[in-house]
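For reference, the structure is listed below as structure tokens.
Where a number appears in this text, it was derived from the coordinates with a stated rule and is not lab data. All figures in this text were calculated on a predicted structure; none of them were measured in a lab. Ideal geometry is used to build each Cβ from the backbone, glycine not excepted, and the neighbour counts take in all protein chains shown.
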Amino acid sequence: MCGIAGVLYQQRQRRQDHTAAVHHSLQHRGPDAQTTYTSAHGLLHLYHTRLCIIDPSLAAAQPLRYNNRWIICYNGELYNYIELKKQLSGLGHRFFSDGDTEVAAAVWAQWGADGLQKMDGAFAFAVWDEVEETLFLARDRVGEKPLFFYAGADAFYFASQPKALWAMGVPKEVDGAAAFNFLTANLLWNTRNRSQTFFKDIQQLPAGYWLQHKNGEAAQMQWWSPVEEEALAITTENALQELDALLYTSVQRRLRSDVAIGTSLSGGLDSSVVVALCAATGGKQYSHKTFTAHFEGFEKNESGYAAQVARSFGLQHHLVTISGNNVPQLMQQVMAAQDEPVLSASPLAQYVVYEAAKAQGVIVVLDGQGADEAFAGYHKYYRWWWRELYRSNKNNFKKEYNAAQQSGIAEKFSFTDKLAALMPQLATAIAEHRKAKTARSSRFLNDDFAQQHAQDLWYTLPLRPTLASALFHDSFNGPLEHLLRMADRNSMAHGVEVRLPFLSDALLQFAHRLPAPLKIQEGWTKWLLRRWAEDKLPKEIVWRKDKIGFEPPQLLWMQQPAVQKEIERAKEKLVAASVLHPSQLRKAVQPHAAHAAANLDWKIWSLSFLY
């Protein structure tokens with residue numbers, strides 16, 4: 001993983017030198033080397049900050065020239081680079097490094113944009129064709145790696161993070177619609193416009209897209225489009241066999257590294273599965289170190305479960321604690337890394353976990369993100385499944401609902417749910433109307449600000465009233481990408497690369513085609529994944545009834561006087577910016593848990609860092 005940036009001028013003349021400022025803004029993403037490339041006549045400037053993971057030699061340095069024509073500036077990992085390198089060698093390509101970046105360049109040289117389909121990886125990269133004087137940008141399927149751009153009057157800018165754009169002189173202005181949706185609807189993404197960011201005129205290249213810039217014109221093309229397909233006709237045993245093969249292949253590829261590897265271990269099923277796979281695969285570079293956020297005295301502290309998993313595999317286990325007194329300073333650090341706001345205190349815990357990994361010499365961390373959205377891990381998915389069953393088979397609905405209640409699941413199935421099951425289109429319309437009405441009548445907003453953005457609500461629900469559609473929506477329409485953004489910024493803030501085995505393309509497509517009963521069954525979420533893990537992990541981990549979701553003690557932290565003082569300052573800043581209504585200055589800070597629906601004051605604090 002690295003940091004990339006560039007500017008393509010409209011006219012053939014050298015412009016302002018941004019090298020020092022850009023490298024400084026992205027040095028955290030690539031602390032090992034900072035390099036540049038300038039095209040003929042100064043038309044294009046590429047900036048790269050390198051984090052050495054595979055082949056740390058100068059032969060793999062970037063920007064990398066390939067075949068005396070293409071210049072690649074790459075951020076990410078191509079996990080199947082060994083397989084692709086063998087295929088490309090058979091086609092006559094010669095390689096001078098052992099790195100994956102040169103393979104990515106060869107893929108582009110051989111197949112162009114069609115080669116993206118062959119790449120299993122987390123990536124965002126730029127390729128410059130010196131012959132055609134054409135710039136290409138590309139981003140991975142689900143958005144693991146970021147890529148932002150700004151089309152100015154005289155130049156086109158792009159970078160791994162907005163801060164690098166600002167370093168090149170791109171104006172920074174908060175987008176009011178984004179702020180409105182964040183405060184009123186907890187939205188960090190726009191499902192109707194995937195290019196939307198929190199800053200005016202700064203766009204992101206959507207996941208699964210590539211962009212061509214030639215002769216002063218830029219055009220985007222979607223190279224990978226997720227499609228809601230019909231469920232597979234598959235038995236449980238065959239599904240387990242296929243899942244086993246896909247999981248091991250994914251982890252084996254993500255253990256390819258020339259630096260130390262560890263795992264982020266929450267104590268939940270997903271990260272525990274990753275630990276079990278790493279241990280079974282036995283990659284020689286796997287450092288056998290795990291890292292867990294620990295909250296002493298907090299009722300939702302998962303460190304005991306994490307320690308049990310680590311002991312069962314004989315791993316070096318590291319607990320990371322956060323003192324409530326350190327939260328204001330930590331919030332400053334996290335927001336400086338993120339560039340965009342966060343919904344809760346959870347990113348603070350994630351940030352210190354990656355920090356601890358780096359302190360222990362671990363540069364690559366495997367994590368379990370993506371499994372909840374693919375295998376139905378969140379409790380909110382019960383309702384989607386119950387509604388589907390109530391509509392199609394009430395006997396099966398009763399069995400599933402009763403099984404969940406007996407397991408202690410707090411979710412209920414109300415009269416409203418029954419109506420939603422029988423009249424899903426009407427229920428969707430009512431839900432979206434209510435959300436819009438609530439957003440538009442938010443009294444905590446400045447009157448002019450609320451009126452200006454009253455029609456800008458981005459809230460949408462899944463296209464179909466099914467569990468599969470709900471999972472598809474969360475995986476490919478924003479919620480997962482928001483989590484990926486947090487992981488990327490928090491890990492790269494410490495020069496640490498995060499790898500996510502559950503987001504392997506083949507595994508992800510398989511998971512989304514699994515029949516719903518293999519995801520929620522007998523009252524259990526992630527049923528197939530639990531079945532797969534039951535002979536590989538302690539029973540207490542596999543069949544845990546609670547679902548915490550990496551929750552820190554935000555409620556307690558918000559009771560700290562120092563935190564409340566910072567939130568009061570944030571309110572003053574947003575009132576001055578005509579975002580909040582002045583009456584907010586008279587209201588006391590309202591502490592809330594991290595996953596509480598009403599989490600306004602923490603959001604205000606987070607958003608204030610943008611102004």
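Between VAL259 and ARG65, the FRET efficiency from the beta-carbon distance, with R0 = 25 Å, is close to 0.50. Sorting SER264, SER344 by the number of Cβ atoms found within 10 Å of their own Cβ, with the fewest placed first, yields SER344, SER264. Distance between the 7 Å Cα→Cβ label points at GLU534 and PHE298: 3.2 nm. Evaluated at q = 0.05, 0.08, 0.09 Å⁻¹, the base-10 log of the normalised Debye intensity for the chain, with identical point scatterers placed on the Cα atoms, takes the values -0.21, -0.57, -0.73.
Going from the fewest other Cβ atoms within 10 Å to the most, the residues PHE413, PHE125 appear in the order PHE413, PHE125. Applying 1/(1 + (r/R0)^6) with R0 = 51 Å to the Cβ-Cβ distance of SER97 and ASN238 gives a FRET efficiency near 0.80.
Only lysine pairs 8 or more places apart, or on different chains, with alpha-carbon atoms under 26 angstrom apart are counted in region 2-222, and they number 16.
Each residue in ILE82, ILE567, ILE409 was given a count of other beta-carbon atoms within 10 angstrom of its own, and listing them fewest first yields ILE82, ILE409, ILE567.
Within region 560-575, list the residues whose amide N lies under 13 Å from a label point set 7 Å along Cα→Cβ of LEU585. Only 568-575 pass the distance filter. Taking every C-alpha pair closer than 8 Å and separated by at least 6 residues, the mean separation divided by the residue count of the chain gives a relative contact order of 16 percent.
Applying the criteria of a DSSP loop state and at most 16 other Cβ atoms within 10 Å to the trypsin sites (Lys or Arg not before Pro) of region 296-369 yields LYS300. Put a plus charge on the Cβ of each Lys and Arg, a minus charge on the Cβ of each Asp and Glu, and nothing anywhere else: the dipole of the chain about its Cα centre is then about 1060 debye.
If you wrap region 358-440 in the convex hull of its Cα atoms and look at it from every side, the mean projected area works out to 9.4 nm². Calculate how many DSSP beta bridges within the chain are antiparallel, expressed in % of all such bridges and rounded to the nearest 5. If I count the DSSP bridges inside the chain, around 75 percent turn out antiparallel. When +1 charges are put on Lys and Arg Cβ atoms and -1 charges on Asp and Glu Cβ atoms, the dipole computed for region 380-476 relative to its Cα centre reaches about 480 debye.
Remark: spin-label model distance ALA562-ALA359 equals 1.6 nm, labels positioned 7 Å along the Cα→Cβ axis. Fully extending the segment from ILE82 to GLN117, taken as 0.36 nm per residue of separation minus the present Cα-Cα distance, adds 11.0 nm. The alpha-carbon of LYS536 sits under 15 angstrom from the alpha-carbons of these aspartates and glutamates, leaving out residues fewer than 8 places away in its chain: ASP244, ASP270. Taking a point 7 Å out from the Cα of ASN395 in the direction of its Cβ, the residues of region 511-528 whose backbone N falls within less than 20 Å of it are 516-518, 521-523.
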